[in-house]
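Visitor: Before anything else, here's the structure in question.
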Amino acid sequence: MTEPPDLLFICASFFGYAGEIRAQLERRGRRVALYEDRPSIDSVTKALTRAAPALVRRRAEAYFASILDEARAWPIRDVLVIKGEALSPAAVRNMRAAFPHARFTLYFWDSYRNMPKDSRAKAALFDRVLSFDPRDTAADPTLVYRPLFYSPEYPTVGPANGDIDVLFFGSLHGDRHAVLQRIARALPPQLRFERTLYLPARWLYFAHAVFDPSLLVARRENFIHRPLAKHEVLKLIARARIVVDIERPVQTGYTMRTVEMLGAGRKLITTNAQIASADFYDPGNIAIIDRGNPRIGDDFLSAPYRSPPPDILKRYSLESWLDEVLPPRPGLP
């Protein structure tokens, strides 16, 4: 008979990262039960959870109560939550009552400014809270700073061997499309700049166009309505010399894209000025641009990539991330 889970993992199915973390935990001998951090993953529920959480609160409370009904009999010794967008302080208190001997760990891969207002109150109920955002950790001494990670597949993509000079792929939100239009105008015309923007539903394209009319004349083939599979992402990166990163203005943490390109050995164009203080920052590999007026030097575009030291690459691996986020408990495997 299969042994019951000993680790309760609550995390959004965000482009497959939750599954990658679970797989790495299972390789370490943990028995993981993974659940979404929202009662549903349809686009309407996602939008309401962020914009009007009170409208989904009852569903969310019932959803997390159902998880407890299933997990209460398990020998849970760790509860790991990443972001926990719909998880209320009351739901956390119920979990603590159900698993009084478990270690509760919370990781934020978003900033306080982009999360529900009860995030600070929720964080106070965990034994340990880590965040990818250096501005949040500087302002809140209860947070431990820990940047994001790259998955084991990224170092395997090898040198750029394709036809794409500059590549962007990611979700459409905020001013991303407008920034990409400015970058396109700033690049030499002979360079091939490929863009793939993800929207979970077609109607969201027109909702975004209300605030950014330039979308109405954009190339429709640049937009997709299903997330790229990991093998599709890796194939795109293998074709590209340089990848573009556009962070949300409310965040200062290094995005997943930034860290993945470190693992893949790709040059980066980014709007995140905070990267200048990173231990992996090399102006020959990373061009920091103004999102309102991007300028990209010819020397940067033509120079080869310079590999960072091995210890830097190891620090940003998923394995090292887990070593820090969920270290072994004394006396336990």
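Visitor: Give the residues of the range 203-251 that are over 19 Å from residue 14 (Cβ atoms) and at pLDDT 90 or above, sorted by residue number.
Guide: 235, 238, 239, 240, 241, 242, 244
Visitor: As an exercise: evaluate residue 197 against (1) part of a loop (DSSP other than H, G, I, E, B); (2) crowded, with 19+ Cβ neighbours inside 10 Å; (3) under 17 Å from the mean Cα position of the chain (by Cα) and give the number of the one condition it does not meet.
Guide: Looking at each condition in turn, residue 197 falls short on (1).
Visitor: Need a quick list: helices (runs of 4 or more DSSP H) entirely within the range 246-333 having at least 2 residues that are closer than 30 Å to residue 76 by Cβ.
Guide: Values: elements: 256-264, 298-302, 310-315, 318-325.
Because the criterion is at least 2 residues that are closer than 30 Å to residue 76 by Cβ, the helices (runs of 4 or more DSSP H) in the range 246-333 that meet it are 256-264, 318-325.
Visitor: Out of all the residues in the range 127-163, which are surrounded by fewer than 20 Cβ atoms within 10 Å (Cβ to Cβ) and within 14 Å of residue 81 (Cβ to Cβ)?
Guide: Within the range 127-163, 127, 128 qualify.
Visitor: Moving to a separate point now. Just a yes or no: is a residue in the range 112-121 touching a helix residue (DSSP H, G or I) at 6+ places or on another chain (Cβ under 8 Å), at pLDDT below 95, surrounded by 16 or more Cβ atoms within 10 Å (Cβ to Cβ) and basic (Lys, Arg)?
Guide: Yes, the range 112-121 contains at least one residue that is touching a helix residue (DSSP H, G or I) at 6+ places or on another chain (Cβ under 8 Å), at pLDDT below 95, surrounded by 16 or more Cβ atoms within 10 Å (Cβ to Cβ) and basic (Lys, Arg).
Visitor: Could you go through the range 249-265 and let me know if any residue there is surrounded by fewer than 19 Cβ atoms within 10 Å (Cβ to Cβ) and in contact with a Gly (Cβ under 8 Å, 6 or more places away or on another chain). Spell out the reasoning first.
Guide: If we filter the range 249-265 for residues that are surrounded by fewer than 19 Cβ atoms within 10 Å (Cβ to Cβ), which is where we start, we get 249-250.
Subset that is in contact with a Gly (Cβ under 8 Å, 6 or more places away or on another chain): 249.
Among the residues of the range 249-265, at least one is surrounded by fewer than 19 Cβ atoms within 10 Å (Cβ to Cβ) and in contact with a Gly (Cβ under 8 Å, 6 or more places away or on another chain), which makes the answer yes.
To keep it simple, each residue is scored yes or no on (1) more than 25 Å from residue 277 (Cα to Cα); (2) part of a helix (DSSP H, G or I).
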{"site": "184", "(1), (2)": "yes, yes"}
{"site": "188", "(1), (2)": "yes, no"}
{"site": "203", "(1), (2)": "yes, yes"}
{"site": "214", "(1), (2)": "yes, yes"}
{"site": "234", "(1), (2)": "yes, yes"}
{"site": "243", "(1), (2)": "no, no"}
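Visitor: Just the residues that are surrounded by 13 or more Cβ atoms within 10 Å (Cβ to Cβ) and either in contact with a Ser or Thr (Cβ under 9 Å, 6 or more places away or on another chain) or of a type in the set (D, E, K, R) (or both), please, taken from the range 218-231.
Guide: Scanning the range 218-231 gives 222, 223, 224, 227, 228, 230.
Visitor: Sticking with this structure for a sec: Kindly indicate whether residue 280 is of a type in the set (Phe, Trp, Tyr), closer than 21 Å to residue 185 by Cα and surrounded by 14 or more Cβ atoms within 10 Å (Cβ to Cβ). Walk me through it before giving the result.
Guide: On the way: of a type in the set (Phe, Trp, Tyr): yes; closer than 21 Å to residue 185 by Cα: no; surrounded by 14 or more Cβ atoms within 10 Å (Cβ to Cβ): yes.
Against the criterion (of a type in the set (Phe, Trp, Tyr), closer than 21 Å to residue 185 by Cα and surrounded by 14 or more Cβ atoms within 10 Å (Cβ to Cβ)), residue 280 does not qualify.
Visitor: Shifting gears a bit: Which of the numbered conditions does residue 328 fail, given that it passes all the others? Conditions: (1) touching a Ser or Thr at 6+ places or on another chain (Cβ under 9 Å); (2) without any contact (Cβ under 8 Å) to a residue 24 or more places away in the chain; (3) closer than 30 Å to residue 102 by Cα.
Guide: Condition (1) is where residue 328 drops out.
The values are calculated or read from the model by the stated rules, or taken from the named source; none is laboratory data. The structure presented is a predicted model; accordingly, all values stated were derived computationally and were not measured. So basically every Cβ, Gly included, is an ideal-geometry build from the backbone, and we count neighbours across all protein chains shown.
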